[in-house]
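Engineer: Dumping the structure here so I can ask a few things about it.
The values are calculated or read from the model by the stated rules, or taken from the named source; none is laboratory data. Source: prediction; values computed, not measured. Methodologically, a virtual Cβ is constructed for each residue, glycine included, from the backbone with ideal geometry; neighbour enumeration extends over all protein chains shown.
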Amino acid sequence: MKPIFRYHHLGIPAPKKVSGMVEIRHLKIHATDHESNPFGIQWMLYGKDCKVPDLVRRTPHAAFEVDDLKAALKGRKVIIKPNSPSRGVLVAFIEEAGAPVELLEFTNKRPNTRHRTNQKANTKK
């Protein structure tokens, strides 16, 4: 069965810290919460010692949720091996058509809050 890719967020490299960033110490990055805005934008600041490819460090990436990360990676060019940035989440990066793409699997299934965030944002005028 082919994996289903569900849009999750857009990660954009930042040249300096952005308001709302939190440190993810074990990965040596700072990031904003993609649910803090109605469009799923996550600003990323990579530390000097962060071991990510230049493609990820310099190029925005689209991120997609998958049900089975291992199956979704099959036959793809993996540029960051599966790892866990936080409890209940597995991520990996692939290169697709010259662009970085993040794939996420939630091992502790949680409700989709993106829809609720969009509803809140759409009611504010």
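Engineer: Restricting attention to the stretch 58-94, which residues are touching a Pro at 6+ places or on another chain (Cβ under 6 Å) and of a type in the set (Gly, Ala, Ser)?
Structural biologist: Of everything in the stretch 58-94, those that are touching a Pro at 6+ places or on another chain (Cβ under 6 Å) and of a type in the set (Gly, Ala, Ser) turn out to be Ala71, Ala72, Ala92.
Engineer: Let me ask something else about it. Looking only at the stretch 79-91, count every residue that is at pLDDT 95 or above and either of a type in the set (Ser, Thr, Tyr) or loosely packed, with under 13 Cβ neighbours inside 10 Å (or both) and tell me the total.
Structural biologist: Final tally of qualifying residues: 1.
Engineer: Say whether the condition of being touching a Phe, Trp or Tyr at 6+ places or on another chain (Cβ under 7 Å), buried (at least 18 other Cβ atoms within 10 Å of the Cβ) and polar (S, T, N, Q) is met by at least one residue in the stretch 40-58.
Structural biologist: Within the stretch 40-58, none of the residues are touching a Phe, Trp or Tyr at 6+ places or on another chain (Cβ under 7 Å), buried (at least 18 other Cβ atoms within 10 Å of the Cβ) and polar (S, T, N, Q).
Engineer: Can you name the condition, by its number, that Gly20 falls short on among (1) surrounded by 12 or more Cβ atoms within 10 Å (Cβ to Cβ); (2) within 13 Å of the chain's Cα centre (by Cα); (3) in a loop (DSSP other than H, G, I, E, B)?
Structural biologist: (2)
Engineer: Further, regarding this structure: Taking Ala31, is it at pLDDT 95 or above, touching a Pro at 6+ places or on another chain (Cβ under 6 Å) and not hydroxyl-bearing (Ser, Thr, Tyr)?
Structural biologist: no
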